[in-house]
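A quick write-up on the structure given underneath.
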Amino acid sequence: MDRWIKYRTQISYVQDTSTENQLTSLKEVLKKRAQFNKEAAKFIKEFEKKSIGKEDKQKYKPKPVTIHSPDQLAKDKDPAQDQNEEGEEDKDKNLWQQFTMMYEDSVYKVRDENSFIVRGQQKRFAKNSLGIFDNKQKFRYGMVYITTSKWFENCVIALIVFNSLLLGIKDYTDVNNESSINAFIEDLEPMFTYMFLMECMSKIIA
């Protein structure tokens, strides 16, 4: 009986020590995990600070400043003019990009041979112009883009009105155009002729 009691006490002691060892190992694992999480959080914060700092530096990178002497400033152009020229170049690039995007959109969406998509609206024209230009060619699309614009129509109307006024002012009794008004009108007539010819050719190609 005494031996049995000793044996049971030994077993219980071994079990208690094993559970204690397991608890201590679990505590160590939890401590290590907590330390790892803290270090990971610190690393993430530092990385975010560094990346944000780099982005800010790239965004707000100061432009190099050049100091000119009075003689150089007198020779060189005005910086405001340079900025205006750069702004105009950017506008030209944006207009050309818009035109190319509209052309590509028209070529992609149009399925027949008579339609064009210009400024979000579908326009119908002849299948071919002059037997050469179809609706897939960029040159003809450019002519359609110009002739369907409001400023083109307004310019043509203004030319017609101005030419009509000049024809109404002209003195038709002066056959040799000896008066100053008739001479002035005669000098302007070739300009109107060339402008109306350009309008006619652009609409024929479109």
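The values are calculated or read from the model by the stated rules, or taken from the named source; none is laboratory data. Keep in mind that this is a model prediction, so the values were computed, not measured. Positions of Cβ are backbone-derived with ideal geometry, glycine not excepted, and every protein chain shown enters the neighbour counts.
Summary table
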| item | result |
| --- | --- |
| Test: Glu199 is surrounded by 13 or more Cβ atoms within 10 Å (Cβ to Cβ), in a helix (DSSP H, G or I), of a type in the set (D, E, K, R) and at pLDDT 90 or above | yes |
| Residue ID - surrounded by the fewest Cβ atoms within 10 Å (Cβ to Cβ), chosen from residues in the stretch 143-181 that are within 28 Å of the chain's Cα centre (by Cα) and outside any helix (DSSP H, G or I) | Ser149 |
